[in-house]
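Peer 1: For reference, the structure I am asking about is given below.
The values are calculated or read from the model by the stated rules, or taken from the named source; none is laboratory data. Just so you know, these numbers come straight off a predicted model, no measurement behind them. Cβ sites come from the backbone with ideal geometry, for glycine too, and all protein chains shown count toward neighbours. These accessible areas exclude ligands, DNA and RNA; they are computed on the full protein's heavy atoms, side chains included. Shrake-Rupley method; radii C 1.70, N 1.55, O 1.52, S 1.80 Å.
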Amino acid sequence: MSFTKTTEKASHYEHLEKMSVADLLSNINKEDKTVPLAIEKALPQIEALVAKVVEKMKLGGRLFYIGAGTSGRLGIVDASECPPTFGVPFDLVNGIIAGGDKAIRRAVENAEDNTTQAWIDLQELSISEKDVVIGIAASGTTPYVIGGLEKCNENNIITGCITCNEGSPIALLANFPVVVVVGPEFVTGSSRMKAGTAQKLVLNMISTTTMIQLGKVKGNKMVDMQLSNDKLVDRGIKMIMTEIPVNYQQASDLLQEYGSVRKAVDNHKRTNKTDELK
């Protein structure tokens with residue numbers, strides 16, 4: 001199958017090594033500004049994918065990202081942030097990278113070229129028809145991701161993808177493709193740049209919108225966040241103070257007693273309402 005890899009086309013800029021630091025930064029920034037506009041064109045695709053993820057999760061399903069290199073790392077970053085941000089189980093959103101966890105820091109030779117390993121990796125996490133698998137690949141041709149999506153399709157598991165090349169094998173394979181065409185990179189072929197930025201932004205949209213739809217945000221606040229450091233504890237206390245008429249120390253005591261902003265606020269309101277009825 002033949003298609004055009006716009007992510008591999010020559011940069012619009014020549015003689016980068018002769019540019020000043022100011023010019024390099026300005027031109028990279030100029031290219032980066034085009035990414036949100038490219039994503040805007042893909043919003044209907046993102047909406048369709050998110051709707052399916054939400055539907056499956058409400059039925060007890062999970063979300064899996066599979067990818068290699070930069071794409072795999074971005075999936076892992078997004079998945080790892082969901083438990084502390086939204087208070088969900090660590091295995092609700094899963095990031096899998098070709099080559100395993102050691103590939104997070106250092107490239108593993110030929111890992112992305114293995115067409116069978118992604119399905120093995122997914123099976124180790126008991127993948128089922130209740131789940132959704134999103135393949136992430138800027139090129140749209142990564143064998144590891146293609147093999148994984150093919151096996152998912154064969155086993156009636158919903159598939160999505162995030163890619164930056166129209167008509168790529170992954171875009172044609174996924175049930176719910178998201179194609180963000182960002183064009184040539186500032187450094188020719190360096191898809192960690194605009195393509196990587198596009199993938200990160202789309203992942204933000206998918207996970208955040210899904211969690212809001214699942215009730216993990218109230219108003220505009222992360223009421224189920226994990227209180228894993230002093231900064232987040234302080235944020236939680238102040239969130240409680242905006243919801244109920246208590247001072248800082250009272251809010252701190254409530255947070256310590258109930259362990260989350262949501263539980264602290266709900267229990268305080270419930271207790272006060274009971275007292276009013278007496």
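Peer 1: Report, in listed order, any pair from 52/200; 52/102; 56/269; 52/216 with a Cα-Cα distance greater than 25 Å.
Peer 2: Numbers: 52/200 20 Å; 52/102 31 Å; 56/269 32 Å; 52/216 17 Å.
In this structure, 52/102; 56/269 lie more than 25 Å apart at Cα.
Peer 1: While we're here: Which value in deg cm²/dmol, rounded to the nearest 500, describes the helix-derived mean residue ellipticity at 222 nm for the chain, given -39,500 (n - 2.57) per DSSP H run of n ≥ 4 and division by the residue count?
Peer 2: -16000 deg cm²/dmol
Peer 1: If the only charges are +1 at each Lys and Arg Cβ and -1 at each Asp and Glu Cβ, what is the size of the charge dipole of the range 165-265 around the Cα centre, to the nearest 20 debye?
Peer 2: Computed charge dipole of the range 165-265: roughly 80 debye.
Peer 1: With N residues in the range 93-142, what two-decimal value do you get for its Cα radius of gyration over 2.2 N^0.38 Å?
Peer 2: Output field value: 1.17.
Peer 1: Are there any GluC sites (Glu not before Pro) in the range 134-214 that are in a DSSP loop and have at most 14 other Cβ atoms within 10 Å? List them by number. Working shown, then result.
Peer 2: On the way: sites: 150, 154, 166, 185; in loops: 166, 185.
Listed in order of number, the matching sites amount to none.
Peer 1: With θ taken as phi - 60° and the coefficients 6.51, -1.76 and 1.60, list the Karplus ³J(HN,Hα) couplings across the range 40-53 in order, rounded to whole Hz; mark glycine and proline as x.
Peer 2: 4, 5, 9, 4, x, 5, 5, 4, 4, 5, 4, 4, 6, 4
Peer 1: Separate question: If you take every DSSP beta bridge fully contained in the range 118-257, what fraction is antiparallel? Give it as a percent rounded to 5.
Peer 2: Bridges in the range 118-257 are about 10 percent antiparallel.
Peer 1: Counting only heavy atoms of protein chains, what accessible area per residue, in Å², does the chain have with a probe of 1.4 Å?
Peer 2: About 52 Å² of surface per residue is accessible.
Peer 1: Let me ask something else about it. In the chain, if every C-alpha pair distance is counted and binned at 10 Å from zero, what percent goes to each bin?
Peer 2: 7, 26, 28, 20, 13, 5, 1, 0
Peer 1: Which values, in whole Å and largest first, are the semi-axes of the equivalent ellipsoid of the range 126-209 obtained as the square root of 5 times each eigenvalue of the Cα gyration tensor?
Peer 2: 23, 14, 9
Peer 1: Using a 1.4 Å probe on the protein heavy atoms, what percent of the accessible area of the chain belongs to carbon and sulfur?
Peer 2: 51
Peer 1: Same structure again: Across the range 156-166, in residue order, what do the Karplus-derived ³J(HN,Hα) couplings come to in whole Hz, using 6.51 cos²θ - 1.76 cosθ + 1.60 with θ = phi - 60° and x for Gly and Pro?
Peer 2: 3J(HN,Hα) across the range 156-166, in whole Hz: 6, 9, 4, 10, x, 8, 10, 9, 10, 10, 5.
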